[in-house]
Amino acid sequence: MNYLSFFMAYKYLRSKKNSRFTAIISKSSIIGIALGIAAIVVVMSIMNGFHSEMRDKILSMVSHVIITEKNYTLENWQQLKKEIDQNELVVGSAPYVEGQAMFSHNGNVHGVQLKGIIPEYEKNVTSLSDNIVDGNIDLIGKEPYQISVGADLAKKMNLKIGDKITLVIPRTNTTMIGIIPRLKRFEVSSIFEFGMAQYDKNLVFINIDEAKKLYDMDQNITGLRLKLYDLFKSPRMAGIINSKFRNNYIVIDWTMMNKNFFKALQMEKTMLMLLMLLIVLVATFNIISSLFMVVSEKKSDIAILKTIGMSANKIMYIFIYQGIFLGIVGIILGLILGVFLSLNLDIVVSFIENILGRSILDSDIYMISDVPAKLEFLDLIYVSIISFFFAVLATIYPAVKASKTMPAEVLKGN
């Protein structure tokens, strides 16, 4: 570091001889960078929180790995389950039967996705039992024809525990009077709420043996769902299963099931970050303006410094250091403000919602009702480095211009 240039840059920044306009421009450059970085930190925190929240909510119902066979029919699943459960990566596994049905109650009809489960096993792979808000999920399998429905569906159909509903299955029964649709009466034994409309409005659960009968599955099931200790090892687990069983099964992990969705979220985060960085880039132009103003005011000083032997490079570094200092102060203030807002986002959102008089997020659209925030250290590092680069870049042209000042012309003019 050139200590003389650094000292001169510090003196210029602290100098009270600068014009008021120059001081305003310098402060505005700091404020502009700080606000830009704070906006980036908050937006990135929201995107990280949104990404994490969506992944957790989806995986609370969608297992980490699914094993099935052709036509989504799995035979001899008991033996397969025993072998899979022995793997050290696996928390637990659960069989399921899946199909489409029409849900009917008091003349109201709604299409649903029906899942046949064994509650004892289901607790090992999903958070269904933890999200029961009314009734008892364990009645499924213990008493005949019990059904668990989502809170949104229960609200839409005006259902309560103990109500009778009719399931219409897309299968037909041939009788003496002809072909009739397959109908079955169920009793609502529990109501769950995941906080995601696509689940709470469209999913229902019944006993797996009853689902087999409804869909003519005999002793087969749709597939086996696995939960792992580390969800990010799902692709590895899929590879282990394919290798062990020589690709006899269709193995799908959660990254494949929601690949496009999570890619879209990641791309959205990247594009928002680039957009926010443009704000910082615009703010750095204030550094250029500030330095040009200082160079213009300090022409006499520059001429004198050159006259007494200071090199052009050292003069250039004076203004580079000055611009870097403005950038660093702006970055630090921006990070502090951004982190503070991110950690207190619930208060900020509540304040905005009170002003608007409505909720910012509609759970029917965004599948979550609260604005999440999750700070990631790497995001702060990336934003700081890129913003610092912009600040350094902004100093180069004014600093070079200052280093090319001709002492004779300036002193002659004075």
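The values are calculated or read from the model by the stated rules, or taken from the named source; none is laboratory data. This is a predicted model, so every value here is computed, not measured. Because the Cβ atoms are built from the backbone with ideal geometry, glycine has one as well, and the counts that use them run over all protein chains shown.
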Any chance Ile118 is in the same structural domain as Arg185 (by TED's automatic domain parsing), among the β-branched types (Val, Ile, Thr) and surrounded by 19 or more Cβ atoms within 10 Å (Cβ to Cβ): no
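Starting from residues that are within 23 Å of Ala101 (Cβ to Cβ) and polar (S, T, N, Q), keep the ones in segment 213-261 and report whichever is surrounded by the most Cβ atoms within 10 Å (Cβ to Cβ).
Out of the qualifying residues, it is Thr222.
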Criterion (assigned by TED's automatic domain parsing to the domain that holds Ser342, surrounded by fewer than 21 Cβ atoms within 10 Å (Cβ to Cβ) and out of contact with any Ser or Thr (no Cβ under 7 Å at 6 or more places or on another chain)) met by exactly one of Asn71, Asn108, Asn48: Asn48
Would you point out the residue of segment 319-366, among those that are part of a helix (DSSP H, G or I), of a type in the set (Ser, Thr, Tyr) and farther than 20 Å from Ile37 by Cβ, that is modelled with the highest pLDDT? Tyr321
Which residue pairs have Cβ atoms under 7 Å apart, sit 6 or more places apart or on different chains, and have a first residue in segment 212-237 that is within 20 Å of Glu69 (Cβ to Cβ) and a second that is aliphatic (A, V, I, L, M) and assigned to a loop (DSSP other than H, G, I, E, B)? Arg225/Val125; Leu226/Val125; Met237/Leu89
I need the full set of residues from segment 140-168 which are under 37 Å from the mean Cα position of the chain (by Cα), of a type outside the set (Gly, Ala, Ser) and buried (at least 17 other Cβ atoms within 10 Å of the Cβ), in order please. Ile140, Gln146, Ile147, Val149, Asp152, Leu153, Met157, Leu159, Leu167
Inside segment 45-73, can you point out the residues that are in contact with a Pro (Cβ under 8 Å, 6 or more places away or on another chain) and at pLDDT 85 or above? none
Exactly one of Gly135, Gly116, Gly162 is under 23 Å from Leu74 (Cβ atoms) and at pLDDT 90 or above, and that residue is Gly116
In the set Thr255, Thr284, Thr307, Thr270, which member is free of Cβ contacts under 8 Å to residues at least 60 places away in the same chain and more than 30 Å from Val90 (Cβ to Cβ)? Thr270
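Is it fair to say Glu193 is under 29 Å from the mean Cα position of the chain (by Cα), modelled with pLDDT under 90, surrounded by fewer than 18 Cβ atoms within 10 Å (Cβ to Cβ) and closer than 30 Å to Ile386 by Cβ?
no
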